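Here is the structure we will look at.
The values are calculated or read from the model by the stated rules, or taken from the named source; none is laboratory data. None of the values given here were measured: they were computed from a predicted structure. As a convention, Cβ positions derive from the backbone with ideal geometry for all residues, glycine included, and neighbour counts pool all protein chains shown.
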Amino acid sequence: MKYLDEFRDPELAGRLFDDIRRITTRPWAIMEVCGGQTHSIIRNGIDQLLPDQIELIHGPGCPVCVTPLELIDKALAIAARPDVTFCSFGDMLRVPGSSQDLFKIKSEGGDIRIVYSPLDAVKIAQQRPERQVVFFGIGFETTAPANAMAILQAERLGLTNFSMLVSHVLVPPAISAIMESPVSRVQGFLAAGHVCSVMGTHQYGPLVARYHVPIVVTGFEPLDVLEGIRRTVAQLEAGEARLDNAYARAVSAPGNLPAQKVLAEVFEVTDRTWRGIGMIPQSGWRLSARFRPFDAEDRFNVGHIRTEESSLCRSGEVLQGLIKPNQCPAFGKECTPRMPLGATMVSSEGACAAYYQYGRFVHVDA
Ligand code: SF4
């Protein structure tokens with residue numbers, strides 16, 4: 001299949017591995033920011049085929065994983081209301097809250113719908129004026145434009161029965177937080193290509209300059225990931241720190257300007273709590289004042305819900321790259337995809353799920 005097979009070519013991959021081996025002389029720790037990249041790395045065994053000196057650290061770029069438990073509990077409280085039709089992408093349905101998940105509420109008669117676009121939820125609100133229709137709008141800069149379009153569409157249609165539970169997070173502040181952390185070992189980043197296809201690359205230049213860290217915009221297929229690693233290692237070995245775009249077929253420096261215009265209209269920057277990491281200042285979006293009437297958190301008065309994270313789950317350390325998933329004592333024992341203790345096991349993009357799915361069961365002492 002064009003654009004897939006050509007970026008999975010084993011011969012070209014072999015040459016890239018050779019190049020990386022040839023230029024690597026010292027240990028380097030590189031973080032792939034995105035969960036999609038983590039899955040590509042683990043699925044293809046890329047981390048095992050790299051020279052021993054190169055460690056890949058799995059970053060926090062999985063939207064389900066970093067959504068706070070507290071927000072899941074707020075979603076569950078809204079979804080359990082008899083007057084609500086709760087719409088979500090499928091991956092959120094199994095994410096456990098403190099005591100249940102959306103599937104359980106659905107099995108008890110809750111009106112929970114899996115949709116493929118937030119605009120589907122707007123359509124349901126149009127068709128069912130007697131219902132309160134809520135869309136669960138989480139994710140990084142990639143999913144935000146469609147959510148913003150849904151809000152604009154709901155306003156245009158004059159819908160008073162549509163709202164959104166919003167928890168958008170932003171990659172650049174997370175990179176800052178990782179570099180500011182005293183325990184961080186990250187020396188270079190593979191930035192998430194799809195995020196940059198929306199936002200462009202201009203936000204990353206200041207991070208490169210401030211932290212003197214190479215950032216290479218990288219795609220998701222095996223050759224994309226290998227090329228990103230090759231370029232990052234080349235910079236590290238040369239003592240350089242530059243912003244480099246290894247995903248030029250999808251990413252331009254300015255990014256998607258019409259999408260950015262919509263985002264600026266609908267959202268405003270706010271502090272956000274990241275699951276397992278904590279509050280990162282100015283690291284997310286919420287609805288701007290004009291669109292606040294569409295905020296489900298206000299409409300259903302769930303702002304007071306407070307939840308403590310499980311002490312058993314170490315996904316915070318996984319998300320910060322401090323431990324590998326199979327260094328968590330619960331990995332593959334108390335915690336499996338069927339009975340997940342944390343979001344990094346439940347999400348298809350989570351690092352724990354990737355390690356489980358691709359058989360990385362060897363426990364290593366943390
Ligand atoms: S294996 Fe399970 S308990 Fe351990 S960090 Fe991952 S999600 Fe949490």
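At a glance:
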quantity	calculated
Those strands (runs of 3 or more DSSP E) lying entirely in segment 1-115 with at least 1 residues in contact (Cβ under 8 Å) with a residue 40 or more places away in the chain	28-34, 54-61, 84-88
Residue within segment 255-263 that is part of a strand (DSSP E or B) and touching a residue at least 40 places away in the same chain (Cβ under 8 Å) present	no
Meets criteria (over 18 Å from the mean Cα position of the chain (by Cα) and assigned by TED's automatic domain parsing to the domain that holds Leu170) for Asn326	no
Checking Asp295 against (1) over 21 Å from Val66 (Cβ atoms); (2) in the same structural domain as Asp73 (by TED's automatic domain parsing), the condition it does not meet	(1)
Residue list for segment 201-222, filter: in contact (Cβ under 8 Å) with a residue 60 or more places away in the chain and not aromatic (Phe, Trp, Tyr)	Thr218, Gly219, Glu221, Pro222
When residues of segment 274-314 are limited to those that are modelled with pLDDT under 85 and of a type in the set (Ser, Thr, Tyr), the one farthest from the ligand (Cβ to nearest atom)	Thr307
Odd one out for Val269 among (1) more than 13 Å from the ligand (Cβ to nearest atom); (2) outside the structural domain of Ile41 (by TED's automatic domain parsing)	(2)
Among (1) of a type outside the set (Phe, Trp, Tyr); (2) over 30 Å from Arg290 (Cα atoms); (3) surrounded by fewer than 18 Cβ atoms within 10 Å (Cβ to Cβ), the one test that Val217 misses	(3)
Residues satisfying the stated conditions in segment 230-243, i.e. buried (at least 17 other Cβ atoms within 10 Å of the Cβ) and out of contact with any Ser or Thr (no Cβ under 8 Å at 6 or more places or on another chain)	Arg230, Arg231, Thr232, Ala234, Gln235, Leu236, Ala241
Filtered residues of segment 328-366 (kept if more than 9 Å from the ligand (Cβ to nearest atom) and not aliphatic (A, V, I, L, M))	Pro337, Arg338, Ser347, Ser348, Glu349, Gln357, Tyr358, Gly359, Arg360, Phe361, His363, Asp365
